[in-house]
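As structure tokens, the structure follows; a few thoughts come after it.
The values are calculated or read from the model by the stated rules, or taken from the named source; none is laboratory data. As the structure is a computational prediction, the values presented were derived from the model and not from experiment. Cβ coordinates were reconstructed from backbone atoms using ideal geometry, including for glycine residues, and neighbour counts include every protein chain displayed.
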Amino acid sequence: MECVDVTDNIIVAIEGGWWCEKISAGCAHCYAERINQNQFFGGNQLSYLSPPPALRLRHDILASWQRQRKKKRHFVASMTDIFGQWVPREWHIEMLDAMVSAPKQIFMLLTKRPHIMGMAIQEWLKVADRDYLPTNIWVGCTIENQAVLIPRLSDLVQIPAHKHWIVCEPLLEKIENWGNFLSSLDLVIIGGETGHNARICDPNWISEIIANCKETHPSPAVFVKQLGSNCPLELADPKGSNPQEWPASLHVREFPDY
């Protein structure tokens, strides 16, 4: 992801590769599953519809965070949902403990299961005797269509964090009814689907999200990541990720202060 410095995949399969479970329309053409099914990239060839293999938590990565001196934005994680119901709660506690021990680092957590994220964080806050997550832990969820917006954002904005963010990728349709949620967000990342079977992403859908964000007060930062591989515009870049090919109105790449 262009707006982060490093991606930390802290949950892996013991025998190699990764695993996740598909739960919504955004998962249909999962890029992580494609990578996992290719042994060249270290995958185990398992489908993300199959039963989970034995997994482990990468304690070496957790320990490395507090040794890092340079401030970085960490995306945790790209190959699975760390708040899937198959992830032990004690791993969540260990993960959050490690993040607190590395206050210079920014940790951007993303899930399609913000209800589980919220429960895990509340348990951690109780044990840590805190009311809020520390400022270096940001909580986010994926919003790919209108159907998931209200249930996911209702859970996300209730999490006591200083930064809330969403990823509208793959953006699968026009999203209109944001309610009051945008004013509770700090960052909105937007992207079309990539790959050979990518579903269409209309640039007008992206424009409308940008406009909705700008009309909101306070307004979240907006980062347009890519237009996708199935964009109606004539683009040379196969992922539609070259901003120089976009209409000027879509060339928006903001990031909140941290």
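Tallying residues that are surrounded by fewer than 17 Cβ atoms within 10 Å (Cβ to Cβ), among the basic types (Lys, Arg) and either assigned to a loop (DSSP other than H, G, I, E, B) or modelled with pLDDT under 95 (or both) within the range 172-215 yields 1. Listed by first and then second residue, the pairs with beta-carbon distance under 6 Å, at least 6 apart or on different chains, first residue in the range 62-83 and over 22 Å from Cys141 (Cβ atoms) and aromatic (Phe, Trp, Tyr), second part of a helix (DSSP H, G or I) and at pLDDT 95 or above, are Trp65/Ala98.
Of the residues making up the range 46-65, those that are assigned to a strand (DSSP E or B) and either at pLDDT below 95 or buried (at least 16 other Cβ atoms within 10 Å of the Cβ) (or both) are Leu55, Leu57. Only one of Ser101, Ser78 is under 15 Å from Pro134 (Cβ atoms) and either surrounded by fewer than 22 Cβ atoms within 10 Å (Cβ to Cβ) or of a type outside the set (Ser, Thr, Tyr) (or both). Can you tell me which? Sole residue among the options that is under 15 Å from Pro134 (Cβ atoms) and either surrounded by fewer than 22 Cβ atoms within 10 Å (Cβ to Cβ) or of a type outside the set (Ser, Thr, Tyr) (or both): Ser101. Every condition in (1) in contact (Cβ under 8 Å) with a residue 40 or more places away in the chain; (2) buried (at least 22 other Cβ atoms within 10 Å of the Cβ); (3) not charged (D, E, K, R) is met by Asn145 except one, and the failing one is (2).
Results for (1) free of Cβ contacts under 8 Å to residues at least 60 places away in the same chain; (2) over 17 Å from the mean Cα position of the chain (by Cα), shown as yes or no for each residue.
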{"position": "Pro170", "(1), (2)": "no, no"}
{"position": "Gly195", "(1), (2)": "no, yes"}
{"position": "Cys201", "(1), (2)": "yes, yes"}
{"position": "Pro220", "(1), (2)": "yes, no"}
{"position": "Lys225", "(1), (2)": "no, no"}
{"position": "Cys231", "(1), (2)": "yes, yes"}
{"position": "Lys239", "(1), (2)": "yes, yes"}
{"position": "Asn242", "(1), (2)": "yes, yes"}
{"position": "Glu245", "(1), (2)": "yes, yes"}
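Out of all the residues in the range 120-130, is one or more in contact (Cβ under 8 Å) with a residue 24 or more places away in the chain, outside any loop (DSSP other than H, G, I, E, B), surrounded by 14 or more Cβ atoms within 10 Å (Cβ to Cβ) and not aliphatic (A, V, I, L, M)? Yes: one or more hits. When the criteria are applied in full, Ala221 fails the requirement of being within 15 Å of Leu172 (Cβ to Cβ), buried (at least 18 other Cβ atoms within 10 Å of the Cβ), among the small types (Gly, Ala, Ser) and modelled with pLDDT of 95 or more. Across the range 12-45, the qualifying residues are those that are more than 22 Å from Glu193 (Cβ to Cβ), under 22 Å from the mean Cα position of the chain (by Cα) and assigned to a loop (DSSP other than H, G, I, E, B), and the one among them that is modelled with the highest pLDDT is Gly17.
If the condition is being touching a residue at least 24 places away in the same chain (Cβ under 8 Å) and either of a type in the set (Ser, Thr, Tyr) or in a loop (DSSP other than H, G, I, E, B) (or both), then the range 247-258 contributes Pro247, Ser249, His251, Val252, Glu254, Phe255, Pro256, Tyr258. Residues in the range 66-85 that are among the basic types (Lys, Arg) and not in a strand (DSSP E or B) were compared, and the one that is nearest to Met117 (Cα to Cα) is Lys72.
Filtering Met108, Met117 for residues that are surrounded by 20 or more Cβ atoms within 10 Å (Cβ to Cβ) and not in a strand (DSSP E or B) leaves a single hit, Met117.
Based on this model, can you work out whether Cys213 counts as touching an Asp or Glu at 6+ places or on another chain (Cβ under 7 Å) and of a type in the set (A, V, I, L, M, F, W, C)?
So Cys213 fails the test.
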